[in-house]
1. Please find, within segment A:120-136, the residue that is nearest to the other protein chains (Cβ to nearest Cβ) out of those that are in a loop (DSSP other than H, G, I, E, B) and touching a residue at least 12 places away in the same chain (Cβ under 8 Å).
2. Tell me, which residue of segment B:1-42 that is out of contact with any helix residue (DSSP H, G or I) (no Cβ under 6 Å at 6 or more places or on another chain) and among the charged types (D, E, K, R) is surrounded by the most Cβ atoms within 10 Å (Cβ to Cβ)?
3. Looking at A:144, A:151, A:202, can you tell me which residue is more than 25 Å from residue A:269 (Cβ to Cβ) and either without any contact (Cβ under 8 Å) to a residue 40 or more places away in the chain or over 15 Å from the mean Cα position of the chain (by Cα) (or both)?
4. Check whether at least one residue in segment B:167-183 is hydroxyl-bearing (Ser, Thr, Tyr), more than 14 Å from the chain's Cα centre (by Cα) and over 23 Å from residue B:21 (Cα atoms), and report yes or no.
5. Which of (1) among the aromatic types (Phe, Trp, Tyr); (2) crowded, with 23+ Cβ neighbours inside 10 Å; (3) closer than 24 Å to residue B:68 by Cβ is the odd one out, the single condition residue B:163 does not satisfy?
6. Which one of these is within 14 Å of another protein chain (Cβ to nearest Cβ) and touching a helix residue (DSSP H, G or I) at 6+ places or on another chain (Cβ under 9 Å): A:90, A:45?
Protein chains: 2
Amino acid sequence: MNRFSPAVKSLQALPLVESGAADALRLSEAEIALACASHCGARAHVETAAAMLAKAGLDVASLACGAHWPLGEDASRALSRAGETPSPLHNNCSGKHAGFLCLACASGWETSGYEQAAHPVQRAAKAAIEDVTGAALGEDVCATDGCSIPTYAVPLRGLARGFARLATGAGLASGRAAAARRIFAAVAANPAMVAGEGRFDTEVMRLFGPRVFVKTGAEGVYCAALPELGLGLAVKADDGATRAAQAMIATLIGRFLTLDEDRARVAAFAAPILRNWRGIEVGALRAAGPLAGSLT
Amino acid sequence: MNRFSPAVKSLQALPLVESGAADALRLSEAEIALACASHCGARAHVETAAAMLAKAGLDVASLACGAHWPLGEDASRALSRAGETPSPLHNNCSGKHAGFLCLACASGWETSGYEQAAHPVQRAAKAAIEDVTGAALGEDVCATDGCSIPTYAVPLRGLARGFARLATGAGLASGRAAAARRIFAAVAANPAMVAGEGRFDTEVMRLFGPRVFVKTGAEGVYCAALPELGLGLAVKADDGATRAAQAMIATLIGRFLTLDEDRARVAAFAAPILRNWRGIEVGALRAAGPLAGSLT
């Protein structure tokens, strides 16, 4: 089963904004962006997640995501060098979970068990995914995510549709469309929150601002939205890994967007040169078949 | 192109032993084992590689493999905590490279450029792979490895044949067969040198001693030799990753070897339970199709 959760974080964040919870707790744009993030666990991410929890009158003890070493190598080593070990704040999903707790708090719901399927927070998130993607999320396509919330297998077409709707508001109730616009604006203004320095999602969104919303998923899934074209993209690499999926989504972005001086920078993502431990060029990675040569 | 190099390190180590170089430099069994290793960069590995170089009158400056952070997470964090950064000794191939330098030194060859295809060290390694696997290693199947030596695409059948020959000496000249026996004995006596604590190769060989020689390759390749059955095994997972290849090779070991109390421990490798960041069971990984149910 594919765990698409990381790709749909922006959909799961809709209730936080449309309910008024984000405004009631005065969440900043950076904090809304972190609620959509699979972050690399750098100090900025950790502090932002902690600040969100504090606004809800909570702290790290309320998080149900579990702890893991930062996804970012630099962040992970910095933690080691300081003689520290990770807390749940370092978990790449901590912003999403902080967002769930903010929603619970502002809605007057019990925070304990917020990660359980029956909790109103998860029911709201599930309903948002179903509405935006058009996919039916029955128990037969439900599993438990790495961060302990329910995760659903969503067809690629549903993911692409969801990203297109999120980008344009088309087919969404006006309140939901307005929330989607705010989420997009928050992410576009805070690309470093969504992933981290040197990470593809951050680098691409820093390059293109509001023209591209791109988000890594799990098991080789990658999604993107191109608002100016009203397009949503979703790919899955059968090998369940990031390297080919990332090259494919970069190639597609380059194929669909009109690029000027940025073309070369997208080409570097779409067809990276592979270097060995001494920096010697040893190979290359690039899209084949129908996508071959898209950026030349 | 598949870089099988890590799987064939034991074949590349044959010239070191059969030429008499290992004995001339008084290499220990642990050092011979490290010459076959894709090690996790722990202190014991680093010190052993340094000791091998010292016996050849050389040091880390002679290594052409390049530096990378230890493959082992614990080893990597220990390095960070100590405020250090990796040297080429931490490279998982440093033992193999130290072995190449020992061969060059004992043979009276120039050490500079030992990693180049035209150097007698690499020509000897290539000839050993060709002889033992029966595969022709032309330039059309040659590329540059992560550690800068030439690497060749070898058919799976050739890898399996090579491992079977290494295990039994069958089809090898007597000097080569004797060297193979010594290499097997060195690895069986020093399983921690070949990979490291907690790593599959080390754990399995610690479990089975001389009954199993198992070695991870790159890009989803895994090989094993079962001397008592005269069998060599080679698998490749199309996803180019370790997780399925490791489950497959564990399943095959369990299928072919007569196991008593060790059956449960092999089953744990062949069908691991997947747990999330809070230790909640979220899935399982196991062989399907013809290999399904092999260990029940």
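1. For segment A:120-136, the residue satisfying everything is A:135.
2. So, considering only residues that are out of contact with any helix residue (DSSP H, G or I) (no Cβ under 6 Å at 6 or more places or on another chain) and among the charged types (D, E, K, R), the one surrounded by the most Cβ atoms within 10 Å (Cβ to Cβ) is B:3.
3. A:144
4. Checked segment B:167-183: no residue is hydroxyl-bearing (Ser, Thr, Tyr), more than 14 Å from the chain's Cα centre (by Cα) and over 23 Å from residue B:21 (Cα atoms).
5. (3)
6. The conditions single out A:90.
Here's the yes/no breakdown for (1) within 14 Å of chain A (Cβ to nearest Cβ); (2) touching a helix residue (DSSP H, G or I) at 6+ places or on another chain (Cβ under 9 Å); (3) not aliphatic (A, V, I, L, M):
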| residue | (1), (2), (3) |
| --- | --- |
| B:138 | no, no, yes |
| B:150 | yes, yes, yes |
| B:153 | yes, yes, no |
| B:156 | no, no, no |
| B:169 | no, yes, yes |
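Condition check ((1) at pLDDT 95 or above; (2) surrounded by fewer than 22 Cβ atoms within 10 Å (Cβ to Cβ); (3) under 21 Å from the mean Cα position of the chain (by Cα)) across all residues:
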{"residue": "B:193", "(1), (2), (3)": "yes, no, yes"}
{"residue": "B:224", "(1), (2), (3)": "yes, no, yes"}
{"residue": "B:261", "(1), (2), (3)": "no, yes, no"}
{"residue": "B:276", "(1), (2), (3)": "yes, yes, no"}
{"residue": "B:286", "(1), (2), (3)": "no, yes, no"}
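The values are calculated or read from the model by the stated rules, or taken from the named source; none is laboratory data. All figures in this text were calculated on a predicted structure; none of them were measured in a lab. Positions of Cβ are backbone-derived with ideal geometry, glycine not excepted, and every protein chain shown enters the neighbour counts.
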